[in-house]
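Every number here is computed from the coordinates shown, using simple stated rules; none is lab data. This one's a predicted model, so the numbers in the text were calculated from it and none came from an experiment. In this analysis, Cβ positions are derived from the backbone assuming ideal geometry, glycine residues included, and neighbour counts consider all displayed protein chains.
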Amino acid sequence: MRIDIDNLKVAYGETVAIDSLSLRLDTGKIYGLLGRNGAGKTSLLSVLAGFRRHSGGTVLADDSPIFENWLTTREISLIRDAGETVNLGTVEDALYFAEDVRPRWDAAYAQELIDLFKLDRKKNVKSMSKGQRSAVGVVVGLASRAPLTMFDESYLGMDAPSRQAFYDALLADFMAHPRTIILSTHLIEEVSSLFEEVVIIDKGRLVVHSPADELLAMGSAVTGPAEQVEEFTRDLTVLGSKQLGPTRSVMVYGPLDHAEARKAGLETGPIAMQELFIHLTGGPAS
Amino acid sequence: MFDDRSPIYRQIADRIKAEVLSGALKGDEQVMSTNQYAAFFRINPATAQKAFQQLVDEGVLYKKRGIGMFVSPAARDTLRAERREGFFTDVVDPMVAEAKAIGIPLDDVIKRIRDSR
C-alpha cells in the first residue's frame, strides 16, 4: 500500500503533535519509524490507521482517504503496545474478531504463530503477562496480512528470545507476502537491520527520510590525536565528541573522505544508527 | 555476526567472495537466494539484494532469469588475480610495519618465511 502524506497537521486543542509533515511511503518496504517520546510517532500512526482525524493537510492510502473509510481501514492494521486490538476476551475471541474484519486473514498462519509463541487459545488476554499479551498482538498483526501493517512498540513487552522469533517471523512473512510495514521502536540496534528505509521525526516534524544504508553512510567517527582530529573535522557537521587522554573521537554527519582521513593518520569508522538517531534528535535526554 | 565496520551488504559480498576463493562455491554453482541470505542474517531482503547486485557488477556472479544467481566460471581466477595484486600492500607491508613497531628484526621474519616453505 502506498501512503502519501502532504503537509499533515495533528493538534489536540492548543497542542500541536504533528506539523507540516510530508512523506511518501512505497508499497512493499519495511520502514523504521524513530522518534523520542512525545515526538509524534503514535499520533502519526493513529492517523494512518484511521483511529484519529487529522487537523490539516492530506493523507491518502493508495489514493483514498483513510478516516471513516472502512474499505481502506480494513486493509490497515496498527498494533499498539496498549493492546486494545486484542483485549477482547480470550485469544480465540481476538482471533475471531480479526478474522471477521481482515479480508486477508490467514487462520492457518495465525495458528502457526500461536504455537510459535506458545499461547493458550482459551486464556483471557487481560489476565496474561505483558509478554504474552504482546505476542497476541503480534499474531493478530502478522496474520491479518494487511497491505499496511504497523507495529507501534507492540513487541516491547516480549523477552529477547520471543522478540527474535518475532523478527524472524516478520521477515519470512514479509518476503512471502510483501507489504508495507512500519516498525516504530526504541530498540533501534536490535531492529535496524530489518529496515529498508528510516523515518525520523522530532517534535512533530520530519527530520530524516532515507534508505537505511544511506543514513548509516552519512555518519562516521573520526579518531586520532586530538589536534589532528580537530583540524580535520573543523568544517564538518560535528554531532558529538569524546576524549580519552590524548585521543579524540569525533562523530561527524555528512560525506567524508575516508582515504583523506587515513592519509592524515586518522582512523574512521561507522556510527551505529542509534547514535545517529540520538544526535539528530537533539542529543542525550534533556 | 557482523563486525559493523562496513555496510552489511559489503560483508555479505566479502563472505561470498571468500567462499569462491576457498573453493566452497564452484563455477556455475547456484548460490543461496537473497531471501535465504536475508532470513539467515536477519536483514532486509533489499540489503541482501544489494550485495548480490554488487557481485554481479563485479562479474563474480551471474543471473539466470527466474532461476537465481550462479558463480561465474572465471570468478575464482579473477578474485585470485585481484588478491595477488593487493597482497604486498594489504598483507606484507602491514606485517613489516608491525614487526618494526614491536622490534622483530626483519631477518627473523624472512627466516620464518623461508622455514615454512
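A compact table of results
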item: Spatial separation of Cα centroids for the range A:28-63 and the range B:49-77, in angstrom; result: 39 Å
item: Greater than 21 Å apart at Cα, pairs in B:K17/B:K50; B:K17/B:K100; B:K26/B:K64; A:K41/A:K118; A:K203/A:K242; result: B:K17/B:K100; A:K41/A:K118; A:K203/A:K242
item: C-alpha long axis of helix A:160-176 to longest principal axis of chain A, angle in °; result: 80 degrees
item: Intensity falloff of the range B:3-117 expressed as log10 I(q)/I(0), Debye formula with alpha-carbon point scatterers, at q = 0.13, 0.16, 0.22, 0.23 Å⁻¹; result: -0.64, -0.81, -1.17, -1.25
item: Ellipsoid semi-axes in whole angstrom, largest first, where each is sqrt(5λ) of the Cα gyration tensor of the range A:145-270; result: 37, 16, 14
item: Mean Kyte hydropathy of 1.0 or more with a Cα span along the axis of at least 27 Å, helices from DSSP in chain B; result: none
item: Dmax and Rg, reported as Rg then Dmax, of the range A:4-122 (C-alpha, Å); result: 16.4, 47
item: Value of Rg/Rh across the range B:8-73 [Cα atoms, Kirkwood radius]; result: 0.93
item: Value at 222 nm in deg cm²/dmol, rounded to 500, when DSSP H runs of n ≥ 4 in chain B each add -39,500 (n - 2.57); result: -18000 deg cm²/dmol
item: For the range B:76-116, alpha-carbon Rg over 2.2 N^0.38 Å; result: 1.41
item: Least to most buried among A:S77, A:S64, A:S241 (fewest other Cβ within 10 Å first); result: A:S64, A:S241, A:S77
item: In degrees, nearest ten, helix A:130-143 long axis to first principal axis of chain A (Cα); result: 80 degrees
item: Chain A, helix-only ellipticity at 222 nm - DSSP H runs n ≥ 4, -39,500 (n - 2.57), divided by all residues, nearest 500; result: -9500 deg cm²/dmol
item: Three-way shape call for the range A:100-219 based on the alpha-carbon gyration tensor, with the a/c threshold at 1.5; result: prolate
item: Reference-scaled alpha-carbon Rg (2.2 N^0.38 Å with N residues) for chain A; result: 1.13
item: Folded to 0 to 90 degrees: helix A:91-101 orientation relative to chain A principal axis, Cα; result: 90 degrees
item: Alpha-carbon centroid distance for the pair the range A:166-186 / the range A:149-163, whole angstrom; result: 12 Å
item: Beta bridges per DSSP with both ends in the protein assembly as shown, % antiparallel, nearest 5; result: 70 percent
item: Two-site label geometry, B:E98 and A:Q164: point separation in nm, points 7 Å out along Cα→Cβ; result: 3.1 nm
